[in-house]
Structure formats: structure tokens, C-alpha cells
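Since the structure comes first, as C-alpha cells, the remarks are kept for the end.
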Amino acid sequence: MKDAIKKLWRFCTTPEMISYLVFGVLTTVVNIAVFSVCHDSLQWSWEVSNLLAWLLAVIFAFFTNKLFVFRSKSFAMKLFLFELVSFFGARLLSLGVDMAGMWLCLDVIQMHSLLAKIIVNFFVILINYILSKLIIFSKKHEPNHGG
């Protein structure tokens with residue numbers, strides 16, 4: 001058990017994980033702020049507010065993940081398009097989780113919208129990290145890495 005905790009701690013304190021957490025928090029702030037302004041201040045539906053918040057957060061997340069988290073510095077057209085399409089494709093999957101979670105929390109459970117957004121974002125961040133790390137920004141897709 002002690003070794004498992006040490007391994008988890010080492011994993012969570014790697015530079016990549018720390019930068020993912022920092023930019024993940026910032027992406028979450030963008031997502032929640034846009035959602036709150038649109039839903040609470042502008043009185044837009046939660047569905048439209050959530051979609052706009054998702055879109056702006058994904059654009060922000062793509063560039064921060066590419067450049068600072070996974071350090072994929074290449075802008076060669078083929079690699080850039082692969083990363084962009086893969087990133088948005090993976091985020092469409094997490095958007096499904098986001099929309100379903102928001103529907104469950106808001107329409108079924110009738111939870112407060114901000115609390116729902118925070119809870120659902122926890123699961124979305126986890127899914128996004130796994131897909132980004134294992135598929136989108138995997139080193140195997142970069143030139144000279146066998147991909």
C-alpha cells in the first residue's frame with residue numbers, strides 16, 4: 001500500500017501532471033465562468049450556455065495542452081491537424097459526458113447549476129487527461145518517434 005501511494009505521489013508531482021493540473025484548473029475556470037455568465041447573468045438555457053462554455057474552454061485547452069503540458073511544439077500541418085481533430089474528437093466524447101451529467105444534475109436531481117458544473121467537470125477533466133495523454137499528444141505521432 002505504501003509503495004502504491006509513493007507511485008501515485010510521484011505520478012501526480014511530475015512536471016507534466018503539475019502543468020496539466022494548472023492548465024486544467026484554468027480551463028475549468030474558463031468553462032465555469034462562461035457558463036455562469038451565459039446561464040446566470042444572461043439567462044440563457046443551460047444547454048446553450050454549456051455548449052458555448054465547452055467550445056471556448058476546448059480552444060483554450062488545445063493550445064495550452066499542446067504547447068505547455070505535452071510540449072508538442074510542432075506546427076507541421078499533418079501533425080497539427082491530427083492533434084486538432086483528435087483533440088476536438090476526444091472532447092466531443094467528454095462533451096457527451098458533460099451534457100449528460102448536467103442534465104442528470106440539473107433536470108433530474110435539480111442541483112444548483114454551479115455545483116453541478118463543478119462536479120461534472122471533475123469527471124470531464126479525468127476523461128480528457130487520459131485521452132490526451134494516451135492518444136492525442138502521444139509522442140508516437142511526432143516525427144522521429146515511429147509514428
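Points to keep in mind about this one:
- Computed from point charges on the beta carbon alone (+1 for Lys and Arg, -1 for Asp and Glu), the dipole magnitude for the chain about its Cα centre is near 800 Debye.
- Percent RCO, i.e. relative contact order, over the chain, from Cα pairs under 8 Å lying at least 6 residues apart: 22
- Cβ-based charge dipole, segment 34-132, positive-most Cα from Ala61, Phe122, Leu51: Ala61
- For the pair Phe63 and Phe88, the difference between a 0.36 nm per residue extended length and the Cα-Cα distance amounts to 7.8 nm.
- The residues neighbouring Leu106, those whose beta-carbon lies less than 14 Å from its own, together hold a net charge of -3 under the Lys/Arg +1, Asp/Glu -1 convention.
- Rounded tilt (10° steps) of 46-64 against the dominant C-alpha axis of the chain: 20
- Degrees, to the nearest 10: 113-131 long Cα axis against longest axis of the chain: 20
- Between Ala33 and Met99, the FRET efficiency estimated from the beta carbon spacing at R0 = 25 angstrom works out to 0.85.
- Segment 6-91: C-alpha gyration tensor shape, a/c 1.5 cut-off, then a/b vs b/c: oblate
- Legend: calculated FRET efficiency, Leu8 to Ile118, from the Cβ-Cβ distance at R0 = 22 Å, rounded to 0.05, equals 0.45.
- Using alpha-carbon coordinates, inclination of helix 2-12 to the longest axis of the chain, degrees: 80
- Fluctuation leader among Ser45, Ser94, Ser19 - the chain, Gaussian network, Cα springs under 10 angstrom: Ser45
- Label selected from (1) 0.99; (2) 1.31; (3) 1.14, the criterion being Cα Rg over 2.2 N^0.38 Å as computed here: (3)
Read-outs throughout are calculated quantities, based only on the coordinates presented, and are distinct from any laboratory measurement. Being a predicted model, the structure only gives us computed values, none of them experimental. As a convention, Cβ positions derive from the backbone with ideal geometry for all residues, glycine included, and neighbour counts pool all protein chains shown.
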